[in-house]
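The structure appears right after this line, and notes come after that.
The values are calculated or read from the model by the stated rules, or taken from the named source; none is laboratory data. Note that this is a predicted model, so its numbers are computed, not measured. Here Cβ is always computed from backbone atoms with ideal geometry, including for glycine, and neighbour counts include all displayed protein chains. Only protein heavy atoms, including side chains, enter the accessible area calculation; ligands, DNA and RNA are left aside. Shrake-Rupley method; radii C 1.70, N 1.55, O 1.52, S 1.80 Å.
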Amino acid sequence: MLFKQQALLRQKLFVLGSLAIGSLLYLVARVGSLDRLQPICPIDGRFRPHGQDEIPLRALQFKRGLLHEFRKGNATKEQIRLHNLVQQLPKAIIIGVRKGGTRALLEMLNLHPAVVKASQEIHFFDNDENYAKGIEWYRKKMPFSYPHQITIEKSPAYFITEEVPERIYKMNSSIKLLIIVREPTTRAISDYTQVLEGKERKNKTYYKFEKLAIDPNTCEVNTKYKAVRTSIYTKHLERWLKYFPIEQFHIVDGDRLITEPLPELQLVEKFLNLPPRISQYNLYFNATRGFYCLRFNIVFNKCLAGSKGRIHPEVDSSVITKLRKFFHPFNQKFYQITGRTFNWP
């Protein structure tokens, strides 16, 4: 009987030992696979943005988690102080255009470990009441970040508001400015669609796009209609060029950002003097949504809000033709000023 008990005990110990060894081997293999699955931020990778001191990308990844806890109220001010986190003025601003893809661009740039985004539109420079609160109020609206990182905010109304270029220039004359544009007629219809949806939610009636975009008295394009005016990109850009040289602007193709986001993001990385960190791994196409979604790591993915990609109403083809003909000379001048050509009709 004793012999049988000893044999049974040895058999159990053997099974437990095998399970322990197997688990250890699995964990070793798993860690190796995790390293291979994270090409965005190699642990040993370092960079030196803007000639400043180097910080490990591992530290920047840790920062993401820490700031997430801080926003939830779970991190203490002492933790923020110990990790040298600050609220700093933006080194780059997405100034427009409305319905060009500003939110998508901001969220995609946030994939980069050296970029920290402001979650909300601040509307500091285009809102007189906010602007009167002063630059310190604006800075306090910024997220916490390392001093080496680039804080970016976006407020599309900046591009078309007359006072904004001078106000931003007074804050930082060397700031980098991002403009994302779409084919002007498509952008105008998208602008109308967003307003229409808001009216419908409130059970209000609204004019058809054709009636707003075309002056009924002259049968010509109605330049008083805001959606049309916003799409005359060159008129707004010329106002900005009174304060900033063209080298401080980068034009992003909003239509291409939808279909091929990576090449556009790589151009922005270069413009911002950032090391290339955003890869195809970070972007995956969601067939249900019809858009690319974002992959920060193996556990955290994010898609843009469901309001993105609204279905546009049908617009009379003759109105579309008239609008495209109207925008054409402005588009040509925009190409000439920016040095970037788009395949717009």
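Under the shape rule built on the C-alpha gyration tensor, where the axes satisfy a ≥ b ≥ c, the stretch 84-338 is prolate, since a/c reaches at least 1.5 and a/b is greater than b/c. Past the 28 Å Cα-Cα mark, which pairs from K141/K235; K91/K235; K133/K333; K99/K235; K170/K325? With Cα atoms farther than 28 Å apart: K141/K235; K133/K333; K170/K325. Between R229 and V299, the C-beta separation translates, for a Förster distance of 56 Å, into a calculated FRET efficiency of about 0.80. In summary, the aspartates and glutamates within cross-link reach of K117, defined as a Cα separation below 12 angstrom excluding same-chain residues under 8 places away, comprise E107, E153.
Given a Förster radius of 51 Å and the C-beta distance between S279 and T321 as r, what FRET efficiency does 1/(1 + (r/R0)^6) yield to the nearest 0.05? About 0.80, to the nearest 0.05. Each of the peptides 111-124, 239-252 was scored by the mean count of other Cβ atoms within 10 Å over its residues; in descending order, highest first, they stand as 111-124, 239-252. When both bridge partners sit in the stretch 84-338, DSSP labels roughly 40% of those beta bridges antiparallel.
Rolled with a 1.4 Å probe across the full set of protein chains, the surface gives C303 an accessible area near 40 Å².
Taking each residue as 0.36 nm, the span from Q332 to K199 lengthens on full extension beyond its C-alpha to C-alpha distance by 44.4 nm. The Cα atoms of the stretch 290-333 give a gyration tensor whose axes a ≥ b ≥ c have a/c of 1.5 or more with a/b no greater than b/c, which makes the shape oblate.
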